[in-house]
Every structure is written in C-alpha cells, then in structure tokens.
There are 2 protein chains.
Amino acid sequence: MNLSISCTEKGRLIYALVSVNKTIAQKFDLCTDGFSQTRMDLLAQLEVDTTISQKELQQRVNVDNAAVTRHLKHLETKGMIERVRSATDNRVILVSLTAEGATRITRLRQQKDEFLEQLLEGFTADEQHQLTQMIQRIETNALTLPKTTVT
Amino acid sequence: MNLSISCTEKGRLIYALVSVNKTIAQKFDLCTDGFSQTRMDLLAQLEVDTTISQKELQQRVNVDNAAVTRHLKHLETKGMIERVRSATDNRVILVSLTAEGATRITRLRQQKDEFLEQLLEGFTADEQHQLTQMIQRIETNALTLPKTTVT
DNA sequence: TATCAATCTTTGATACGTCAAGGATTTTTC
DNA sequence: GAAAAATCCTTGACGTATCAAAGATTGATA
C-alpha cells in the first residue's frame, strides 16, 4: 500500500505509518538468514507451544491454512520440525520443533528481539506508552469503521 | 510479519504497529471495488501526472518494474489507461488515463481519502503532530540500523 | 446406527511481488 | 562512426498469500 497520493494531512500521517512499516519489514528481512518472516513466526510459536496442531498454529500466526500447510511441509523437509498425526483425533497433525529447529529459532528470535529494541532506541517509557495508546486508538477506529463501499 | 512472539515491551509495541497496519490494509481492501491497492495507486498517480513514463510511474508508486508492466497491461485491457511510445525516445512508454479511468479513479480516491480521515477520528492536531514525530523517529532508527546479520 | 454436519488438512486456481535475464533503443566513449 | 555502456520495458522463474473446493475423520441427530 502506497497511499502517497493522499492530499489530506491525516492521509499523509497514515502514509507515514504504512511507510515505516514497509521499512521495518525490509530491514528485518536482512537479518533472517533465509527464513521468511512467516516461517520464522511459525518456528517461534513452536518455541512457546512445544507441540501444537496446525490449526492452532495457524490461528496464532494469523496466516491462511493453505500457507501454513505449505510452510510446514517445507520446514519438515529442512529438518526443522516434525509432524505426527494426533493419536486422539486423526484429522489433526501435531507439530513440534526438532533439536536443530530449536537451536536455530532460538538464535534467530534473539536477533529479532534485539532488532525490535533498536527500532525504539531513544524512546522514553512515557513516549512508548503514548505511542501505544495512539496505535490502539487507530486500530479501534479501523475496526469500528462502517464499511465504506463504493456505490 | 507477525512478531507476536516477542517477549520485550518494545517488541510488543512494534507488533502493535505492524498489526494496525495489517488491519488498515484489510479494511481498505473492502472499499476499493476490485482494484488492488497498487493498481489504485497507479491510477491515482496518473491523476496527478497526467502523462508519465512507466519508469517514473514505477518510482512514484515504489513497486518493481515487472509489476508495473503487468498492472498497466491489465489496466489497458480494461480501458482505464492508454500507453503510447514516446516520440522522442523509443524506449519509453508514456502512460495516461482514459476518460473512464479518470472518472473511476477520482471517485475511488475520494473514498480513500475519506477512509484515511476516519482512521484518525478523534485525534487533535497536537496528537497528530506527536504521532508523526514518533513515526519519523522509528523510521530514522530503522534506516540507520547496522545490519544485524546472523553470524 | 446411518446420515448429515462440522472440523482439520490439503490441493488447485489466482493474484501479487521480487530478482534476473533478455530485447530494443539511446548515449557514451574512443 | 563503431563498439561499449546505459536505459527502458518485457518476460520467466520463483516465493508467498488468499479463497474455494475436496478428502478424511469425527461428532451430532434422528
């Protein structure tokens, strides 16, 4: 989303917000060592919930089912995760990290956390609080927005 | 990008920022009447620069050359734009809106501006200023970041 | 218990974005 | 003025996201 064309003051603000997001994503990609963000999120989630169904994983990471299936297949061939059918429900597949996947994601996540810290370098606790509040308000505005459909 | 796993305070803030961005993009898609955001940006740019080369267009909208070519081809078949080779330089293709494209994008852009306005509903001028400043600082931090590569 | 509905995963179609390589044209340089 | 470099556009290969439909399994219902 570019949005750069907007002529209004608020439009420019939102554009800046979208823009910083893109910058963050790009910079972030530079230090993920070949892992896409989604794949990294999947592994990181498995670091927390050591054994979890694909469905749950999908909900936590918030991408499409199909994408999760494909990523997990890939990660399995790479030896990062294991997948086994649940004994109690043959529909579900339980996913867990391999030893290799665990050590890998642990280091990557630390790197990520460090990266995130640096983005807010120089922000006081108070400023961080204010910023969080404002983001919340925008999120609320977005969610409660009436659907402005073109008529 | 999910980033939801982050354990640090700042990490959660950045996550909120990324998250609100996703929400905005999703809501925005609901009112674009079948136009992807990039296609809309292309048309909106043509509303400003009435005749422009693909190269310039690509730089303004900030997506890949290949993507621009494909979008413009599509928009051409839909009768939204026209493309003609430049008389002075046969390499470049000049793009412009058709009458239909013009009326279409005008309405869509107005809708978009209205949407953006609503996202910041309730923000005072002062708050908007503060928020802009903070976003700027994050952007600066991101851009000046040393490349933290996994070693 | 047989059927119908719900749930979980997979696959196919489609859309979008990037990078890299290739064609055509212009500009530079010797 | 001809060869080399640069510029603009296009195309191909690939990665990833979504939706919709289909398979397999389980649960609910009559």
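If I take R0 = 35 Å and measure r between the Cβ atoms of A:LYS22 and A:ARG85 in this structure, what FRET efficiency does the formula 1/(1 + (r/R0)^6) give, to the nearest 0.05? E(calc), rounded to 0.05, equals 0.30. Principal axis extents of the C-alpha atoms in chain B (largest first, rounded to whole Å): 56, 44, 27.
Taken residue by residue and averaged, Cβ atoms of other chains lying within 10 Å of the Cβ of A:59-66 number 1.
Near A:SER53, the amide H atoms lying under 5 Å from its own belong to A:VAL95; only residues 5 or more places off or on other chains count, and H is placed 1.01 Å from N.
Straight-line cross-link reach from A:LYS112 at under 26 Å between alpha-carbon atoms covers these lysines, not counting any fewer than eight positions away in the same chain: A:LYS22, A:LYS27, A:LYS55, A:LYS73, A:LYS78, B:LYS10, B:LYS22, B:LYS147. For chain B, the longest principal axis of the alpha carbon atoms and the long axis of helix B:9-29 meet at an angle near 30°. Scalar couplings 3J(HN,Hα) for region B:91-101, obtained by applying the Karplus form with A = 6.51, B = -1.76, C = 1.60 to θ = phi - 60°, are 7, 8, 10, 8, 10, 8, 6, 7, 4, 5, x Hz; x denotes Gly and Pro.
Per residue, how much accessible area does region B:34-121 show when a 1.4 Å probe rolls over the protein heavy atoms, in square angstrom?
Details: 4570 Å² over 88 residues.
I get 52 Å² per residue for this part.
For B:ILE81, the residues whose modelled amide H falls within less than 5 Å of its own, excluding neighbours fewer than 5 places apart on the same chain, are B:GLU76, B:THR98. Of the trypsin sites (Lys or Arg not before Pro) found in region B:40-143, those that fall in a DSSP loop while having at most 10 other beta-carbon atoms within 10 Å are B:ARG91. With every protein chain in place and a 1.4 angstrom probe, the accessible-area ranking of A:THR140, B:THR144, B:THR106, A:THR98, largest first, reads B:THR144, A:THR140, B:THR106, A:THR98.
Neighbouring Cβ atoms from other chains, within 10 Å of the Cβ of residues in B:106-116, number 4 on average.
Sorted largest first, the principal axis extents computed over the alpha-carbon atoms of the protein assembly as shown equal 64, 44, 40 Å. Computed from backbone phi, the HN-Hα couplings of region B:123-129 come to 8, 6, 4, 5, 4, 4, 5 Hz, rounded to whole numbers (Karplus: 6.51 cos²θ - 1.76 cosθ + 1.60, θ = phi - 60°; Gly and Pro given as x). One compactness figure for region A:3-77 is 1.45, namely its Cα radius of gyration divided by 2.2 N^0.38 Å. If you take the Cα centroid of region A:36-56 and the Cα centroid of region A:7-31, the two points sit 26 Å apart. Residues in region B:61-73 carry Karplus couplings, in order, of 8, 6, 10, 5, 3, 4, 5, 4, 3, 5, 5, 5, 4 Hz; the curve used is 6.51 cos²θ - 1.76 cosθ + 1.60 with θ = phi - 60°, and Gly or Pro positions show x.
The values are calculated or read from the model by the stated rules, or taken from the named source; none is laboratory data. All figures in this text were calculated on a predicted structure; none of them were measured in a lab. Cβ atoms come from the backbone with ideal geometry, glycine included; neighbour counts cover every protein chain shown. Areas reflect the complete protein model, heavy atoms only, side chains present, ligands, DNA and RNA absent. Shrake-Rupley method; radii C 1.70, N 1.55, O 1.52, S 1.80 Å.
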